[in-house]
1. Filter region B:238-247 for residues that are buried (at least 22 other Cβ atoms within 10 Å of the Cβ) and either over 29 Å from B:Gly39 (Cα atoms) or within 12 Å of chain A (Cβ to nearest Cβ) (or both) and give the result.
2. For the structure I just gave you, tell me whether A:Pro234 is surrounded by fewer than 16 Cβ atoms within 10 Å (Cβ to Cβ) and at the interface with another protein chain (Cβ under 8 Å from one of its Cβ atoms).
3. Based on what the data block shows, is B:Val224 within 13 Å of another protein chain (Cβ to nearest Cβ), among the hydrophobic types (A, V, I, L, M, F, W, C) and in contact with a His (Cβ under 7 Å, 6 or more places away or on another chain)?
4. Only one of these conditions is not met by B:Leu79: (1) touching a Phe, Trp or Tyr at 6+ places or on another chain (Cβ under 8 Å); (2) away from ligand 1 (no atom under 14 Å from the Cβ). Which number is it?
5. Would you confirm, using the coordinates I've provided, whether B:Met134 is more than 16 Å from ligand 3 (Cβ to nearest atom), in a helix (DSSP H, G or I), hydrophobic (A, V, I, L, M, F, W, C) and under 26 Å from B:Asp199 (Cα atoms)?
6. In region B:23-54, which residues are of a type in the set (S, T, N, Q) and either within 26 Å of B:Leu194 (Cβ to Cβ) or within 16 Å of ligand 2 (Cβ to nearest atom) (or both)?
7. Would you pick out the residues in region A:258-293 that are closer than 18 Å to B:Ile186 by Cβ and surrounded by 19 or more Cβ atoms within 10 Å (Cβ to Cβ)?
Amino acid sequence: MRNAMVQAPASLIPFQFRTKAPAPHFGQNGQAMGMLDMRHRRRKAEDIADKLPLDESAARQTTLRLDDHHQVGRIRHIGEQVDVVSRLHLGLSAQTARLRTLDLLAQLRIPEPAAVAEAYPHQLSGGMKQRIVIAMALAGEPDLIIADEPTTALDVTVQAQIIQILTRLSRDRGLALLLITHDMGVVAQVCDRVAVLYAGRIAEERAVDPLFATPAHPYTTALIDCIPRDGMTPGSLHGIPGAVPTSGRYPPGCRFNPRCASAADLCRQERPLLRPLHHGGAVACHFANAEAP
Amino acid sequence: MSAPLLQVEGLTKQFHASGGLFGRQRSMTAVREVDLTVGRGEVVGVVGESGCGKSTLARLVLRLIEPTAGRITLDGTDLTALSPAALRAERRRMSIVFQDPYSSLDPRYAIADILAEPFVVQSRPMPPDTVDEMLDAVGLPQSTAKQYPHQLSGGQRQRIGIARALALRPEFVVLDEPTASLDVSIQAQIIALLSSLRDRFGLTYLFISHDLGLVRYFCNRIVVMYLGAVCEILPNAQSSPRHPYTSALLASSFSPDPSARRDIAPLAGEIPSPFNLPAGCAFAGRCPRVTDLCRRRSPSLVADGGHAVACFNPL
Ligand SMILES: Nc1ncnc2c1ncn2[C@@H]1O[C@H](COP(=O)(O)OP(=O)(O)O)[C@@H](O)[C@H]1O
Ligand code: SF4
Ligand SMILES: [Mg+2]
């Protein structure tokens, strides 16, 4: 239920990995990989992090979340919450860590960094909290940031600010970014490559331009047709019939088959494997024009 | 525009919140002097970010809450001047579909009972076959009648919400973000359904959304709100914005097309607290076109043809 996220304005769950090289699946540094998933699953980022091939020091990976309600004792102010990351991961002293924190806040265009560092999370707006979580993620100098629905609870004008920050990070700092989102517009704006998920499986994985121009999987095609665009004639939006199956109730064969306009008997019986496409990328559909497995 | 079905003049709603130090009363204006006309058969969109007063406007228009000031006229009848009994009779002619199909359906009742509820509220006999007909109209099988909300998907629940809103055959329906909690493949289904129901039953819609792209697809005219007030009325979905806020909204929504990728120039800052708004234009603190005048005086909505804008320096 997407609504539940309104309670978690800091829904960006960054991870940091002290990896020698980012996992190849996520491409090179500076690349933004999108994971388009229409169904919101909590803790998705954690699941993914568990499965990533990481080097030794990855034992130090952390899930970062802005702490509104610190369990023990007092609530910690913003500065402390950011400091602790670089103290833990880079072994900095308290003083050096704070200087770094203020520098990061300034880089993220947070007005009056010193004052914000002394504030408590509940005193900040949603957009400001999201910047702080990004600052926390950056404090440990990661190679990869996983952002799980980082803008979903934000208003569009604030979403644009956060998207601008994330884009700059991946482009200017050579950070790999894995962006998990249900928003096709955000994927098209930010990502270099995209994995389209349906019912927990990858339906298609492509570079962003061919994905939108010549989608290979019927689900991707149908999904793109669900988004209203300028100049669309009224009545041309139909949606995809049926509903996304809930986990545990997946149909046999291709999980998209009950909603797919091209489904045949084979689709109801056999699971399509992810096969490489001629011009790069991969697709999991019996009838897509892929190379033989 | 066709003959007006709904007319709203100077509609204002203030809320009082006790809070702050020493429990001092603070008041905020959630909806400020809104003028609005909806022609019969039209789909008028209301767009704006969260907290700008869209849901408050919806509830005011249906008189589910009392306005602090202003007038609401439905087909010539002044709803603000009606006795409770007369108001109840008028209410039959209008209804609302809420955003969240999870909390708006009572989990203890079977779907058949949920659909019968509007008749119970109005103390009117329900014609036989009504439940089946309503389910059919929203594309659900008759077997749904015996089910409970938790057995349905989000999209199916919203179909029930729509069926319930149409039970008494209203003329005017307020749709308050009816697809905001659904995924896009279901959102598109629901929009297609609303569109066919409008043709079939001759409905007039006030369609509320935070999604400018969706509003531009679905609506004939678009009302843009910022901090409780109307800042612009676009005469059609294609007209280009003249208010700096509308223009920023448009620039902040990304189209699902990587070839349309662009440098983002986001609006600075966030929506200010609705308590203690400064004098002048409510958008002045974030506006790229702000001048001294904007900080001193509040621009009023001025219409030029069907296009109205409240700005001293429009685009
Ligand atoms: N019953 C209420 N009491 C006090 N404040 C309210 C009440 N309902 C809404 N508000 C306030 O009015 C403003 C507008 O709210 P709302 O109409 O729900 O906005 P929207 O639907 O555009 O998100 C918000 O600041 C909200 O907090
Ligand atoms: S009146 Fe001034 S501050 Fe307000 S929107 Fe227009 S230019 Fe901007
Ligand atoms: Mg609302």
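The values are calculated or read from the model by the stated rules, or taken from the named source; none is laboratory data. Not measured: the values here are computed from a predicted model. With ideal geometry, Cβ positions are generated from the backbone for all residues, glycine too; neighbour counts draw on all protein chains shown.
1. Hits for region B:238-247 are B:Pro244, B:Tyr245, B:Thr246.
2. yes
3. On the way: within 13 Å of another protein chain (Cβ to nearest Cβ): yes; among the hydrophobic types (A, V, I, L, M, F, W, C): yes; in contact with a His (Cβ under 7 Å, 6 or more places away or on another chain): yes.
In short, yes.
4. Every listed condition holds for B:Leu79 apart from (1).
5. Values: more than 16 Å from ligand 3 (Cβ to nearest atom): yes; in a helix (DSSP H, G or I): yes; hydrophobic (A, V, I, L, M, F, W, C): yes; under 26 Å from B:Asp199 (Cα atoms): yes.
Criteria met by B:Met134.
6. B:Thr37, B:Ser50
7. Of everything in region A:258-293, those that are closer than 18 Å to B:Ile186 by Cβ and surrounded by 19 or more Cβ atoms within 10 Å (Cβ to Cβ) turn out to be A:Arg259, A:Cys260.
Residues are listed down the side, and each one gets a yes or a no for (1) within 16 Å of ligand 3 (Cβ to nearest atom); (2) over 18 Å from A:Ile240 (Cα atoms); (3) among the β-branched types (Val, Ile, Thr); (4) more than 8 Å from every other protein chain (Cβ to nearest Cβ):
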| residue | (1), (2), (3), (4) |
| --- | --- |
| B:Ala145 | no, yes, no, yes |
| B:Gln158 | yes, no, no, yes |
| B:Asp183 | no, no, no, no |
| B:Ala188 | no, no, no, no |
